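The block underneath contains the structure these notes are about, expressed in structure tokens.
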Amino acid sequence: LGNIYSLMYEYVDAKRSYKTMLQPASTINDNYLLGMSYLNLGKLANQEKSPNEALIYLEKAKKYSVAEAFLSDNNYTLEKKHDLIQQIDIALSEFYINNNYLDKALLSLLHFNKSLNTTPKLNYYAKGYHAYLKALYLSKKLMYSNAIIKFEEALLSLNKSDLDKYKDSDLLFSKIYKQMASAYAYKDDKDIAYLFLLKYNDYHDLYLNSKK
């Protein structure tokens, strides 16, 4: 219900729904539901431009996703638990990078990489997202040539994944192409930057149309 409200931009109702989920999840000590609830609250606060609130929620989600009670919970498959861990790592790493907490971002990316290497089934979408975030981190460090290599790695992984399963894949492609355009512009390769900017526009339009 919270996700439906969020898609409808009814953020007050979405927040109330996510918070309503916390009490029963806490009562039965279900760390999976607690982690998912705090992850959604963090994403929502980020959309509402409330970074301090988003950080609190996302770090709480992280706390529950690494708890022993979560890792040993037999009510959820190992694949499902890894999927939640990776969703939280994506949201938290991206938050750290975009808000210039680069030391924390690096640690978060290392944890994300560990999860990728131990997951029962390789998730090419998550692998592509990790490569994109590493590239974004390198761009923040002004290491544009290295960043471009990681952006290209991200595209290769994403094109191996089942993109139909991921409703925001067009948004991720648009982010990658926008950042590649920026990286090439900083390297003064303006013609290549312009080509990637066109790709960004195409995927951004696809994303906006899908939201409608």
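The values are calculated or read from the model by the stated rules, or taken from the named source; none is laboratory data. Since the model is a prediction, treat every value here as computed from it, not as a measurement. Note that each Cβ is placed from the backbone with ideal geometry, even for glycine, and that neighbours are counted across all protein chains shown. What goes into the accessible areas is simple: the full protein's heavy atoms, side chains included, and nothing from ligands, DNA or RNA. Shrake-Rupley method; radii C 1.70, N 1.55, O 1.52, S 1.80 Å.
What nm value, rounded to one decimal, do you get for the distance between SER72 and ASN146 when each label is placed 7 Å out toward the C-beta?
A separation of 3.9 nm, rounded to one decimal place.
Using only the C-alpha atoms of the chain, find the volume of their convex hull and express it per residue in Å³.
In the chain, the Cα hull volume divided by residue count equals 121 Å³.
Considering the options TYR207, ASN29, ILE176, tell which one lies farthest towards the positive end of the dipole of the chain, charges being +1 on Lys and Arg and -1 on Asp and Glu at the Cβ, about the Cα centre.
Value computed over the given set: ASN29.
How large is ³J(HN,Hα) for each residue in the range 93-101, as worked out from phi by the Karplus curve 6.51 cos²θ - 1.76 cosθ + 1.60 (θ = phi - 60°), to whole Hz, x for Gly and Pro?
Those phi angles translate into 4, 5, 4, 4, 5, 5, 9, 6, 8 Hz.
What does the charge dipole of the range 76-143 about its Cα centre add up to, to the nearest 20 debye, if the Cβ of each Lys and Arg holds +1 and the Cβ of each Asp and Glu holds -1?
120
When the solvent-accessible surface of protein heavy atoms is calculated with a 1.4 angstrom probe, in what order do GLU153, GLU68, GLU94 fall, highest first?
Descending order: GLU68, GLU153, GLU94.
Based on Cβ point charges of +1 for Lys and Arg and -1 for Asp and Glu, what charge dipole magnitude is obtained for the range 35-121 about its Cα centre, in debye rounded to the nearest 20?
Taking the Cα centre of the range 35-121 as origin, the dipole is about 60 debye.
Below 8 Å between Cα atoms, with a sequence gap of 6+, how large is the relative contact order for the chain in percent?
Result for the chain is 11 percent.
Apply the Karplus curve 6.51 cos²θ - 1.76 cosθ + 1.60, θ = phi - 60°, to the phi angles in the range 44-59 and return the couplings in whole Hz, x for Gly and Pro.
Working through the residues one at a time gives 5, 4, 5, 4, 8, 6, 10, x, 5, 5, 4, 4, 4, 5, 5, 6 Hz.
I need the phi-derived Karplus couplings for the range 64-79: 6.51 cos²θ - 1.76 cosθ + 1.60, θ = phi - 60°, integer Hz, Gly and Pro marked x.
Residue by residue, the range 64-79 yields 6, 6, 10, 5, 4, 4, 6, 5, 9, 6, 7, 6, 10, 5, 4, 5 Hz.
Roughly what would the spin-label model give for LYS63 and ARG16, points 7 Å off Cα along C-beta, in nm?
2.6
Mind checking which aspartates and glutamates have their C-alpha under 20 Å from LYS187, skipping anything on the same chain fewer than 8 residues away?
GLU152, GLU153
Note down, for the range 150-212, the three equivalent ellipsoid semi-axes (square root of 5 times each alpha carbon gyration tensor eigenvalue), biggest first, whole angstrom.
Working from the Cα gyration tensor, I get semi-axes of 22, 14, 7 Å.
To the nearest 20 debye, what is the magnitude of the charge dipole of the chain about its Cα centre, counting +1 on the Cβ of each Lys and Arg and -1 on the Cβ of each Asp and Glu?
With only Lys, Arg, Asp and Glu charged at Cβ, the dipole is about 220 debye.
Based solely on its DSSP helices, what 222 nm [θ] is calculated for the chain when runs of n ≥ 4 H residues each add -39,500 (n - 2.57) and the sum is averaged over all residues, nearest 500 deg cm²/dmol?
-26000 deg cm²/dmol
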